[in-house]
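What follows is calculated from the coordinates using simple rules that are stated; it is not laboratory data. Nothing here was measured: the structure is a model prediction, and the numbers come from that model. Every residue, glycine among them, receives a Cβ derived from its backbone with ideal geometry; neighbour counts consider all protein chains shown.
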Amino acid sequence: MKITETIHLTELTLRPLLPSDFVFYYELVSNQALAKLAGFRSANDEFEGQFMFNGALRDQQTWVVSSNDETAVGTVLLAPNYTSDAQPIDGEYEVGYIILPQFWGQRIMSTILPVVIETAFTVWQLQKLLASVLTDNVASRKLLVHNGFKEDRVIQHAATDWVAPNQEEIYYHLTLEGWKSAIK
């Protein structure tokens, strides 16, 4: 499935990533501290940032979170989960999000994540959402649990891992049935 719809909330908007979003996107993916907290390798230069951006545009799995004055503040990714032999798992997607540090503490993801979950289960008719968070990211851990996600497992990344070297990562899941019972 591709993200093509725009969702308007009272103070925020979720819209598809656009070719004109590169400067904002590069600000996100080149921020080393943000990348470390989110568990990905930051772009070292504009070339790497453009490569990452082109992939995100191609895949059409990224929403830009913006305020009513159209200031981009973060992104939300909703991407298929895959088996170990690279086959998509039907009805199972991973959700990920990042917010620029200057917008932290404003409850933006507390507003956005429930809308993304509802869209995933009611519009896209998914059966399961997955998420992972580094143990140091306490705010994201609380956000996932508050929205009904259950902890699956914790892994320790090796020093040589491309993603999150030497860090612990917690994996979570939320099923359609778990979401339905949580919103009653």
**Asked** How far, in nm, would the chain grow between Lys2 and Lys150 when pulled straight, counting 0.36 nm per residue and subtracting the alpha carbon separation?
**Response** 50.7 nm
**Prompt:** Arranged by the count of other C-beta atoms within 10 angstrom, fewest first, what order do Tyr82, Tyr97, Tyr171 take?
**Reply:** Tyr82, Tyr171, Tyr97
**Request:** Please arrange Trp104, Trp179 by counting, for each residue, the other beta carbons lying within 10 Å of its beta carbon, fewest first.
**Result:** Trp104, Trp179
**Message:** Test of understanding: what is the full-extension gain from Glu70 to Trp104, defined as 0.36 nm times their sequence separation minus their Cα-Cα distance?
**Reply:** 10.5 nm
**Request:** Evaluate the chain: find the radius of gyration of its Cα atoms, find its Kirkwood radius, and give the ratio Rg to Rh.
**Result:** 0.93
**Complete:** Relative contact order of the stretch 7-183 (C-alpha contacts under 8 Å, at least 6 apart) in percent is 18
**Item:** Contour excess over end-to-end distance, with Cα ends at Asp59 and Ser181 and 0.36 nm allotted per residue
**Value:** 40.7 nm
**Message:** I want to verify a result. In a Gaussian network model of the chain, Cα cutoff 10 Å, which of these has the top mean-square fluctuation: Lys142, Lys150, Lys128?
**Reply:** Lys142
**Complete:** For the pair Ala86 and Val23, the simple spin-label estimate (label points 7 Å beyond Cα toward Cβ) gives in nm 3.7
**Request:** Rounded to the nearest 500, what is the 222 nm mean residue ellipticity of the chain from helices alone, with -39500 (n - 2.57) per DSSP H run of 4+ residues and division by all residues?
**Result:** -9000 deg cm²/dmol
**Prompt:** Can you list the HN-Hα couplings for the stretch 175-182, worked out from phi with the Karplus curve (6.51, -1.76, 1.60; θ = phi - 60°), rounded to whole Hz and with x for Gly and Pro?
**Reply:** 8, 4, 5, x, 5, 4, 6, 6
**HN-Hα J in Hz across the stretch 30-38 - Karplus 6.51, -1.76, 1.60, θ = phi - 60°, x for Gly and Pro** = 9, 7, 4, 5, 5, 4, 5, 5, 7
**Request:** Would you count, across the chain, every pair of lysines whose alpha carbons are under 20 angstrom apart, provided the pair is eight or more residues apart or spans two chains?
**Result:** 10
